[in-house]
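The values are calculated or read from the model by the stated rules, or taken from the named source; none is laboratory data. On a predicted model such as this, the values are computed, not experimentally measured, just so you know. Cβ coordinates were reconstructed from backbone atoms using ideal geometry, including for glycine residues, and neighbour counts include every protein chain displayed.
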Amino acid sequence: MVEALLFFAPASLIIIGALIVIFARNPVHNAMGLVLTLVSLAIIYITLNATFVAMVQMLVYAGAVMTLFLFVIMMIGVDKKEQSTDSIKGQTFLVIGVFLILISLLAYVAVSSEFKWDLWFPPVEYDLEGTPQLIAGVLFTEWIFPFEIISILLIVATAAAIALAYDTKKKNSNA
Amino acid sequence: MSTELIIALIKSNIVLAVLLTNTILLIWLERKLVAGMQSRVGPDRAGPFGILQTVADAIKLLLKEQIMPLKADRAMYLLAPIIALVPSFLIFMIIPLGPDLNIEIGGKNYMVDFVGADLNVGVLYFLALSSIAVYSVVLAGWSSGSKYPLLGGVRASAQMISYEAAMGLSLVPVILYSGSLSLVDIVSSQSGNLSTTVPILSSIVSFIPNWNIFPQFIAFGIFFIAAVAEVNRAPFDLVEAEQELVGGFHTEYSGFRFAMFFLAEYINMFNMCAITATFFLGGWLGPTFDGFLPPILSAIMPIIWLGVKTFALLFIFVWIRATLPRLRYDQLMELGWKRLIPASLVWLILSAIVLGLREFGLPWS
């Protein structure tokens, strides 16, 4: 009962947030809808005992990335109205067609005998928890090489971004 | 209802009550202290020493008309004060207030841990919630539909993002020393006294408690500066610099919605001091005088010790506010990005090297 509530409440919030992202006219509302989705997803992670992933989700995506999004939206001006004309010819019909295909696929899966409507969660005894110690143990032994490569990649990207920004600034001051 | 659920409900209500009454005391204390430092009298009419002044102010704010600007974005305008208040209450839940208590209810023994929730990712939880708190300032500034709050909101978001990085980095060496992300474990790792391998120093050092502030004094300095900046207090209160921005992000808020921002600021300040005490000053640890005091009194001694440490830090917060002039905006950014973040990175590497040497010995031996 509690498990079902803990699943359906954040799950419906995720869907509501996603709908706000798609349908809201105001960019700030879109961003806040995405924040709602990300925070609700973190709650789902907690119910799956992946506390570390949940906290990183809150810290990195909901906390840092979306704040920067919001910052950029505020800086470039939010009062501009979005263009509501179709950029692709027959866009609306195309969307409806793709939507129908997707719905029929989902309906096929739901109706077919492979799928079980087992929505009542049996109480599972987790013997594996997503603790920081466990993740660190795997990350810094088995996956140390990809981990270091990714960190080098990020530093290269940061350095490149700084170099690009610095160059244009110098040109502007010379001209 | 299960007993565990009832215990959890009681805990949440205690946290709510403590934080709200504590804020009343805190606001009065700050006004009195600043008044004393500036040779003024301060509030002295309502109640003894003016201690009920905050209550009067709260009632005034509750009864005031709530004005919403015509150009305000309604949903976000109403949401912002709520986002400000909720994380401030949630952060307090992870601060350990004392050792585990053994309570007997109906013939059954229950171990009640004296903390809202002992999370194994407590430090990350604290950082995540303080980054959520940024939204309240940004949204309040943007949704008011006015220029001063927007400028205040942009300033605040830049400042809080910058100092969050320094704050997180300064906590990493503490986590390395304690070997855990749980605040309960961080407190218990600070029990006992300092020890050293140098024979002459050991007799002097053995009187000093094993608090993280002694090996980690630079991390403490960085964390404390970042904490002052994170709660937007003077000298980092550019967010609400009244000469430039009227009231900053909450210019257009009035009545109880303004009171919610005010409340959140003071609760955040209290939280920051309690967290600093937990990370660096041993949290609730201290002598309990088991033999001398009655058992009830020695049972609440941990809370008193945490309170003493927290209020000592709060006094420094107020002292700084009364003493230092406000920083200029470029100075603020320079301090954050060019001083605090590199310093915390260097300190992190030094701490890691020292810990590595202690754990594995010299590489050539």
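Residue count for segment B:52-74 under the criterion of being among the small types (Gly, Ala, Ser), part of a helix (DSSP H, G or I) and surrounded by 15 or more Cβ atoms within 10 Å (Cβ to Cβ): the result is 1.
Residues checked against (1) of a type in the set (Gly, Ala, Ser); (2) over 19 Å from the mean Cα position of the chain (by Cα):
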position: B:Phe280; (1), (2): no, no
position: B:Gly283; (1), (2): yes, no
position: B:Met301; (1), (2): no, yes
position: B:Lys309; (1), (2): no, no
position: B:Leu327; (1), (2): no, yes
position: B:Leu335; (1), (2): no, yes
position: B:Pro342; (1), (2): no, yes
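All conditions but one from (1) at pLDDT 80 or above; (2) more than 30 Å from A:Leu68 (Cβ to Cβ); (3) buried (at least 17 other Cβ atoms within 10 Å of the Cβ) apply to B:Phe114; the one that does not is (1). Residues of segment A:22-36 that are over 19 Å from A:Leu5 (Cβ atoms) and touching a Gly at 6+ places or on another chain (Cβ under 7 Å): A:Ala24, A:Gly33, A:Leu34. Determine whether segment B:147-163 contains at least one residue that is free of Cβ contacts under 8 Å to residues at least 40 places away in the same chain, buried (at least 18 other Cβ atoms within 10 Å of the Cβ) and more than 22 Å from A:Ala31 (Cβ to Cβ). No, every residue in segment B:147-163 fails to be free of Cβ contacts under 8 Å to residues at least 40 places away in the same chain, buried (at least 18 other Cβ atoms within 10 Å of the Cβ) and more than 22 Å from A:Ala31 (Cβ to Cβ).
In this structure, A:Phe69 does not satisfy being within 11 Å of chain B (Cβ to nearest Cβ), in contact (Cβ under 8 Å) with a residue 24 or more places away in the chain, aromatic (Phe, Trp, Tyr) and within 30 Å of B:Ser182 (Cα to Cα).
Could you tell me which of the residues B:Leu119, B:Leu129, B:Leu79 is surrounded by fewer than 22 Cβ atoms within 10 Å (Cβ to Cβ) and modelled with pLDDT of 80 or more? Being surrounded by fewer than 22 Cβ atoms within 10 Å (Cβ to Cβ) and modelled with pLDDT of 80 or more holds for just one of B:Leu119, B:Leu129, B:Leu79, which is B:Leu79.
Considering only residues in segment A:1-33 that are within 12 Å of chain B (Cβ to nearest Cβ) and among the aliphatic types (A, V, I, L, M), the one that is surrounded by the fewest Cβ atoms within 10 Å (Cβ to Cβ) turns out to be A:Val2.
Kindly indicate whether A:Met75 is buried (at least 19 other Cβ atoms within 10 Å of the Cβ), within 11 Å of another protein chain (Cβ to nearest Cβ) and out of contact with any Ser or Thr (no Cβ under 7 Å at 6 or more places or on another chain). First the steps, then the outcome.
On the way: buried (at least 19 other Cβ atoms within 10 Å of the Cβ): no; within 11 Å of another protein chain (Cβ to nearest Cβ): yes; out of contact with any Ser or Thr (no Cβ under 7 Å at 6 or more places or on another chain): yes.
Judged against the criteria, A:Met75 is not a match.
Among the candidates B:Tyr135, B:Tyr148, B:Tyr125, which residue alone is more than 8 Å from chain A (Cβ to nearest Cβ), at negative phi and assigned to a helix (DSSP H, G or I)?
Unique residue meeting the criteria: B:Tyr148.
Could you give me the residue pairs with C-beta distances under 9 Å whose first residue belongs to segment B:26-49 and is in contact (Cβ under 8 Å) with a residue 40 or more places away in the chain, whose second residue is part of a loop (DSSP other than H, G, I, E, B) wherever it lies, and which are 6+ apart or on separate chains? The qualifying pairs are B:Leu33/B:Gly42; B:Val34/B:Arg40; B:Val34/B:Gly42. In segment A:96-123, of all residues being surrounded by fewer than 10 Cβ atoms within 10 Å (Cβ to Cβ) and in contact with a helix residue (DSSP H, G or I) (Cβ under 9 Å, 6 or more places away or on another chain), the one that is modelled with the highest pLDDT corresponds to A:Trp117. Scanning segment B:32-51 for residues that are touching a Pro at 6+ places or on another chain (Cβ under 9 Å) and surrounded by fewer than 18 Cβ atoms within 10 Å (Cβ to Cβ) yields B:Ala35, B:Phe49, B:Ile51.
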